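Colleague: Following this message is one structure expressed as C-alpha cells.
The values are calculated or read from the model by the stated rules, or taken from the named source; none is laboratory data. Values in this document were obtained by computation on a predicted structure and should not be read as measured data. Don't worry about glycine lacking a Cβ; one is built from the backbone with ideal geometry, like all the others, and counts go over all protein chains shown. Heavy atoms of the whole protein, side chains included, go into the accessibility calculation; ligands, DNA and RNA do not. Shrake-Rupley method; radii C 1.70, N 1.55, O 1.52, S 1.80 Å.
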Amino acid sequence: MPLNPFEAEASGTFHVLVNSEDQYSLWPSWVEIPSGWKSVAEGSRGDCLAHIESRWTDMRPAALVNAQNG
C-alpha cells in the first residue's frame with residue numbers, strides 16, 4: 001500500500017472538496033475534512049478526479065478572478 005493516501009490508486013471512497021476561493025481538492029473519505037473546505041461530491045478516485053477536471057477550469061483563486069474582471 002502506498003504511504004501517501006492522497007496519491008494512492010485506492011479503491012476506496014474520496015471526496016471532492018471546494019474552498020471559499022473555488023479551489024478544488026481530492027480528499028480520502030477517511031481523513032477529516034479540514035476547516036474552510038466543504039465536500040461537494042463523493043465517489044471513486046477516478047469519478048472525483050473527473051468531477052474536478054470538468055469544473056475547475058480556471059486555477060486562479062476567486063478573489064483574483066473577481067479583481068481582474070472588475
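Colleague: Are there strands (runs of 3 or more DSSP E) fully within the range 4-67 with at least 2 residues that are at pLDDT 95 or above and open to solvent by 50 Å² or more (accessible area, probe 1.4 Å)? List them.
Modeller: Answer list for the range 4-67: 37-43.
Colleague: Can you report the number of residues in the range 45-66 which are in contact with a Gly (Cβ under 8 Å, 6 or more places away or on another chain) and hydroxyl-bearing (Ser, Thr, Tyr)?
Modeller: Residues meeting the conditions: 0.
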